[in-house]
Amino acid sequence: MNLLEVFVHPGCLSEKSAMALARELQAVWSALDVKIWSLPEAGERAQALGVIVAPAFVLDGTIIAVGVPRKEWLVAKLQEFGITAGSLPS
């Protein structure tokens, strides 16, 4: 199972959008274990991964997006990493 970690900052204008996208992925893609981290509480984990801006999407230890990507772009990125265990509804 692949781990998608999503780092958000409470009060950030993008927080809700990033969390909604992460939950949508989790609900549809069974090959993803999604963990949503809130900063600054997850500061040590973020630092270990090199995350300095939120929101950030990290797949198996690799930062794949900063900010909130379009759903289609993120799906394509996940597929580049070989994750094809589901598809998102339009």
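Skipping prolines and chain starts, which residues have an amide H placed within reach, meaning under 5 Å, of the one on TRP37, given they are 5 or more residues away or on another chain?
Here VAL6, PHE7, VAL8 satisfy the definition.
What is the packing order of peptides 20-32, 36-48, taking the mean over residues of other C-beta atoms within 10 Å and listing the highest first?
Values: 20-32: 16.2, 36-48: 14.2.
Final packing ranking: 20-32, 36-48.
Sketch the reach of a paramagnetic label on GLU41 as a point 7 Å from Cα along Cα-to-Cβ, and name the residues of region 2-17 whose backbone nitrogen lies under 20 Å away.
Under 20 Å, as judged by backbone N against the label point of GLU41, lie 4-17 of region 2-17.
Taking a virtual spin label 7 Å from the Cα of SER17 along the C-beta vector, which residues in region 51-84 bring their backbone nitrogen under 16 Å of it?
54-57, 65-75
Just tell me which lysines come within less than 16 Å, Cα to Cα, of LYS16; anything on the same chain fewer than 8 places away is out.
LYS16 reaches LYS35, LYS71.
Using only C-alpha positions, report the orientation-averaged shadow area of the convex hull of the chain, nm², one decimal. List each step's numbers first, then the result.
Details: hull surface 21.0 nm².
Value for the chain: 5.2 nm².
When the accessible area of the chain is split by element with a 1.4 Å probe, what percent falls to carbon and sulfur?
On the way: 2680 of 5060 Å².
Carbon and sulfur together cover 53 percent of it.
The values are calculated or read from the model by the stated rules, or taken from the named source; none is laboratory data. Values in this document were obtained by computation on a predicted structure and should not be read as measured data. Don't worry about glycine lacking a Cβ; one is built from the backbone with ideal geometry, like all the others, and counts go over all protein chains shown. Ligands, DNA and RNA are stripped out before the accessible areas are found, and what is left, the full protein with its side chains, is counted by its heavy atoms. Shrake-Rupley method; radii C 1.70, N 1.55, O 1.52, S 1.80 Å.
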